[in-house]
Amino acid sequence: MNWVDAAKGKTQVSCPFEYAAQLTEIMLLGVVALRAGKRIEYDAKNMRVTNVAAANELLQRQPRQATSPV
């Protein structure tokens with residue numbers, strides 16, 4: 001409800017987007033390191049893994065193919 005109240009201008013959010021975005025990026029990089037099977041070094045400015053080239057492929061996802069409605 002905090003987010004809804006903040007969207008309505010009644011209060012401040014308890015977790016600002018700036019904080020949540022960084023926290024999410026760190027968490028997702030942990031998943032990339034687990035999938036790569038190695039410790040990774042991340043260049044945040046360029047958004048690239050610098051020591052495991054294959055891990056960079058894990059930073060993007062392939063879009064799903066459209067399916068026809070049934």
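The values are calculated or read from the model by the stated rules, or taken from the named source; none is laboratory data. Given the structure is predicted, the values throughout are model-derived calculations rather than measurements. Accessible surface areas use protein heavy atoms only, side chains included; no ligands, DNA or RNA. Shrake-Rupley method; radii C 1.70, N 1.55, O 1.52, S 1.80 Å.
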Quarter of the Cα convex hull surface for the chain, i.e. its orientation-mean projected area (nm²): 8.4
Gain upon complete extension [Ala7, Ala53; 0.36 nm per residue less C-alpha separation]: 12.5 nm
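Over the chain, calculate the relative contact order: mean separation of alpha carbon pairs under 8 Å at least 6 apart, over the residue count, as a percent. Working shown, then result.
On the way: 37 pairs, mean separation 11.4, N = 70.
That works out to 16 percent.
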Residues of the chain: accessible area per residue with a 1.4 Å probe, Å²: 94
Karplus 3J(HN,Hα) series, Hz, for the range 7-16 with 6.51 cos²θ - 1.76 cosθ + 1.60 (x for Gly, Pro): 5, 7, x, 7, 7, 8, 5, 7, 9, x
Integer Hz, Karplus 6.51/-1.76/1.60 couplings in order for the range 37-50, x for Gly and Pro: x, 8, 5, 10, 10, 10, 9, 5, 4, 9, 6, 9, 7, 9
Under-5 Å amide H pairs with Arg48, H placed in peptide plane, nonlocal only: Asp43
Between 0 and 90°, nearest 10: helix 17-36 axis offset from the chain longest Cα axis: 30
